1. Determine how large the accessible area of THR62 is when every protein chain is in place; take a 1.4 Å probe and give Å² rounded to the nearest 10.
2. Give me the net charge of ALA82's neighbourhood, meaning all other residues with Cβ under 14 Å from the Cβ of ALA82; Lys, Arg count +1, Asp, Glu -1.
3. Expressed as a rounded percentage, what relative contact order does the chain have, with Cα pairs under 8 Å and six or more residues apart?
4. Roughly what would the spin-label model give for MET61 and VAL10, points 7 Å off Cα along C-beta, in nm?
5. Quick one: angle between helix 3-24 and the longest Cα principal axis of the chain, in degrees between 0 and 90, rounded to 10, please.
6. Take VAL96 and ARG23, extend 7 Å from each Cα along the Cα→Cβ direction, and tell me the distance between the two endpoints in nm.
7. Just in region 15-56: which trypsin sites (Lys or Arg not before Pro) are loop by DSSP and have at most 12 other Cβ atoms within 10 Å?
8. Using protein chains only and a probe of 1.4 angstrom, how many square angstrom of ILE95 are accessible, to the nearest 10?
Amino acid sequence: MSIGLVEGVVAIVGLTVLTVVSRGFFFLSRREIPLPEGLRQALRYAPLAALAAVVAPEIVMTQGRLIDTLLDARIFAVVASAAYYFWRRGILGTIVVGMAVLLPLRLGLGW
């Protein structure tokens, strides 16, 4: 086996063990670990914060730099999907509207 392959296998196995241990940490205890109410409420927003941290750069950046034009299909898709969400409060419709605006602008106009 080559050195690169061994390093890759070691990295994958190590990350797998680390993930299983960190995710299963709370299952190792026989009793429930008490969490302060403030931390419990803060953890409710963690998935939303993680999603925003992933999605926001995809909307406002391209190739590591802020977009410098308003003729970007992502801007129009975000505005349309946000408007739909605030109008109807539906996640599936929000995704459909965003894609219905994004795809024609990308494929039709080449934005």
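1. 70 Å²
2. Its environment carries a net charge of +3.
3. Worked out over the chain, it gives 16 percent.
4. Calculated label separation equals 3.1 nm.
5. Helix 3-24 sits at roughly 80 degrees to that axis.
6. Result for the modelled spin labels: 3.2 nm.
7. Working: sites: ARG23, ARG30, ARG31, ARG40, ARG44; in loops: ARG30, ARG31.
Here the trypsin sites (Lys or Arg not before Pro) that fit, given the DSSP loop and packing criteria, are ARG30, ARG31.
8. Accessible area of ILE95: about 100 Å².
The values are calculated or read from the model by the stated rules, or taken from the named source; none is laboratory data. Since we're looking at a predicted model, the values are computed, not measured. In this analysis, Cβ positions are derived from the backbone assuming ideal geometry, glycine residues included, and neighbour counts consider all displayed protein chains. Note: accessible area is taken over every heavy atom of the protein model, side chains too, but ligands, DNA and RNA are not part of it. Shrake-Rupley method; radii C 1.70, N 1.55, O 1.52, S 1.80 Å.
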